[in-house]
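A.B. asks: Okay, here's the structure, questions in a sec.
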Amino acid sequence: MMRRIFGLLILSIAISTHLQQTLAEEAQMILGKKVFLELSEPQCALCHTLADAGSTGPVGPVLDELKPTAERVRTAVTKGIGPMPANTILTREQVDAVALYVSTVTSTK
């Protein structure tokens, strides 16, 4: 009986942890899309095409085709690349969120 109770307790902890991680990632994806569309200066969507965001920017690469990793997005945002300047106004949390967002929505296509 105690083993069964202990097993159920462990299972409920595992489910709770997974649910918390899923909710945290979902919140980060929402923030990432907001950074892409609104918070970044200039806004990412002005230059980049990204289907999930509904953007058709004519300057930067088409992110749906490029399919960048989160690390590649993070580096481009923080250090700049080509004509894209480094973004110095975003927080680390915002940079991580937009990197997760872009890499996730482009990897599923």
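A.B. asks: Answer with yes or no whether LYS67 is charged (D, E, K, R) and on the phi > 0 side of the Ramachandran plot. Steps first, please.
C.D. replies: Details: charged (D, E, K, R): yes; on the phi > 0 side of the Ramachandran plot: yes.
The answer is yes for LYS67.
A.B. asks: Also: Go over the candidates THR17, THR49 one by one and state the one that is modelled with pLDDT under 95 and at negative phi.
C.D. replies: THR17
The rows are residues; the columns are (1) out of contact with any Cys (no Cβ under 6 Å at 6 or more places or on another chain); (2) under 17 Å from GLN28 (Cα atoms).
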| site | (1), (2) |
| --- | --- |
| GLY57 | no, no |
| ASP64 | yes, no |
| VAL98 | yes, yes |
| TYR101 | yes, yes |
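A.B. asks: Here's a follow-up. Name every residue in the stretch 60-84 that is surrounded by 11 or more Cβ atoms within 10 Å (Cβ to Cβ) and either modelled with pLDDT under 95 or not in a helix (DSSP H, G or I) (or both), in order of residue number.
C.D. replies: Matches in the stretch 60-84: GLY60, PRO61, VAL62, LYS67, PRO68, THR69, GLY80, ILE81, MET84.
A.B. asks: Identify, please: which residue in the stretch 42-59 is under 14 Å from the mean Cα position of the chain (by Cα), assigned to a helix (DSSP H, G or I) and not charged (D, E, K, R) and is, among those, surrounded by the most Cβ atoms within 10 Å (Cβ to Cβ)?
C.D. replies: So, considering only residues that are under 14 Å from the mean Cα position of the chain (by Cα), assigned to a helix (DSSP H, G or I) and not charged (D, E, K, R), the one surrounded by the most Cβ atoms within 10 Å (Cβ to Cβ) is CYS44.
A.B. asks: Moving on. Out of the residues in the stretch 85-94 that are part of a helix (DSSP H, G or I) and touching a residue at least 40 places away in the same chain (Cβ under 8 Å), state the one that is farthest from ALA53 (Cα to Cα).
C.D. replies: Among those that are part of a helix (DSSP H, G or I) and touching a residue at least 40 places away in the same chain (Cβ under 8 Å), it is GLU93.
A.B. asks: Under the condition of being crowded, with 19+ Cβ neighbours inside 10 Å and touching a residue at least 40 places away in the same chain (Cβ under 8 Å), which residue from the stretch 96-109 is nearest to GLU41 (Cα to Cα)?
C.D. replies: Here is the first cut: in the stretch 96-109, the residues crowded, with 19+ Cβ neighbours inside 10 Å are 96-99, 101-103, 105-106.
Right, trim to touching a residue at least 40 places away in the same chain (Cβ under 8 Å) and you get 96-99, 101-102, 105-106.
Details: ASP96: 16, ALA97: 15, VAL98: 13, ALA99: 16, TYR101: 17, VAL102: 17, VAL105: 21, THR106: 22 Å.
The qualifying residue nearest to GLU41 (Cα to Cα) is VAL98.
The values are calculated or read from the model by the stated rules, or taken from the named source; none is laboratory data. For clarity, every value in this text was computed on a predicted model and none was experimentally measured. Here the Cβ is made from the backbone with ideal geometry for all residues, glycine too, and neighbour counts use every protein chain on show.
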